[in-house]
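Everything on this sheet refers to the single structure shown next.
None of the figures in this text is laboratory data; all of them are computed from the coordinates on show. Quick caveat, the model's predicted, so the values are computed rather than measured. Glycine gets a Cβ as well: all are built from the backbone with ideal geometry, and neighbour counts include every protein chain shown.
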Amino acid sequence: MIRSEVLREIAPILRDHLVVCNIGLPSQELHMIDDQPSNFYMLGTMGLSSSIGLGVALAQDKTVISIDGDGSVLTNFGTLPTIANNVADNFILLIVDNGSYGSTGDQPTYAGKKTSLAAVAKACGCENVIECQDKDTGGVLQQAIDSKKMTVIVCKCDSGNIKLPVITMDPVVIRDRFMKSVQA
Ligand SMILES: [Mg+2]
């Protein structure tokens, strides 16, 4: 499965929760598959989906799912010790690890070579880290939500992209409707 197929599979689970989605194609895909006001699409700041998601989780009680990529986590490695040391049991970091920088043309990342993001997350002190295969992501994600324990999921999937349009929604609108979902 490629990332868009994983997102399509987990969309029914995501729609009931606050979602902070990684810049570029992941956000474009989620927007196309199942746009929800509770989705915060990042139109900038590569690497900060997990940081913003953790902050939202620490500030309120609703479950927050950050969808990140292997390339983005590699860009902001400091996020993993920050998450490990600031536990929010309503926070799930879902790293869709396709071993490539998908949004810039599928250049390979080190996560697709020697570096295990699950091992790095554990070494940073994250207590609940699960690496799974693409087809198992929905089940693992639902279990993590039900466990009410902060969880880092590394979903190993294939590299590849679909053709789709950019998000034309104004960032202020994305922010405002997400904030209303937080406060609802
Ligand atoms: Mg990637």
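Among the residues that make up the range 32-39, is at least one of them in contact (Cβ under 8 Å) with a residue 12 or more places away in the chain, more than 20 Å from Asp134 (Cβ to Cβ) and surrounded by fewer than 17 Cβ atoms within 10 Å (Cβ to Cβ)? There is at least one residue in the range 32-39 that is in contact (Cβ under 8 Å) with a residue 12 or more places away in the chain, more than 20 Å from Asp134 (Cβ to Cβ) and surrounded by fewer than 17 Cβ atoms within 10 Å (Cβ to Cβ).
Mind checking whether some residue in the range 118-136 is away from the ligand (no atom under 16 Å from the Cβ), out of contact with any helix residue (DSSP H, G or I) (no Cβ under 6 Å at 6 or more places or on another chain) and under 25 Å from Asp35 (Cα atoms)? Scanning the range 118-136 turns up at least one residue that is away from the ligand (no atom under 16 Å from the Cβ), out of contact with any helix residue (DSSP H, G or I) (no Cβ under 6 Å at 6 or more places or on another chain) and under 25 Å from Asp35 (Cα atoms). Just one of the listed residues (Val73, Val96, Val64, Val56) is surrounded by 18 or more Cβ atoms within 10 Å (Cβ to Cβ), in contact with a Phe, Trp or Tyr (Cβ under 7 Å, 6 or more places away or on another chain) and closer than 20 Å to Tyr41 by Cβ, and it is Val64.
Being within 24 Å of Met1 (Cβ to Cβ) and out of contact with any strand residue (DSSP E or B) (no Cβ under 8 Å at 6 or more places or on another chain) is a property that Lys135 has.
Looking only at residues in the range 86-105 that are among the polar types (S, T, N, Q) and away from the ligand (no atom under 16 Å from the Cβ), the one that is farthest from Leu30 (Cα to Cα) is Asn86. Just give me the residues in the range 54-85 being within 16 Å of the ligand (Cβ to nearest atom) and not in a helix (DSSP H, G or I), in sequence order. If the condition is that a residue be within 16 Å of the ligand (Cβ to nearest atom) and not in a helix (DSSP H, G or I), then Ser66, Ile67, Asp68, Gly69, Asn76, Phe77 are the ones that fit.
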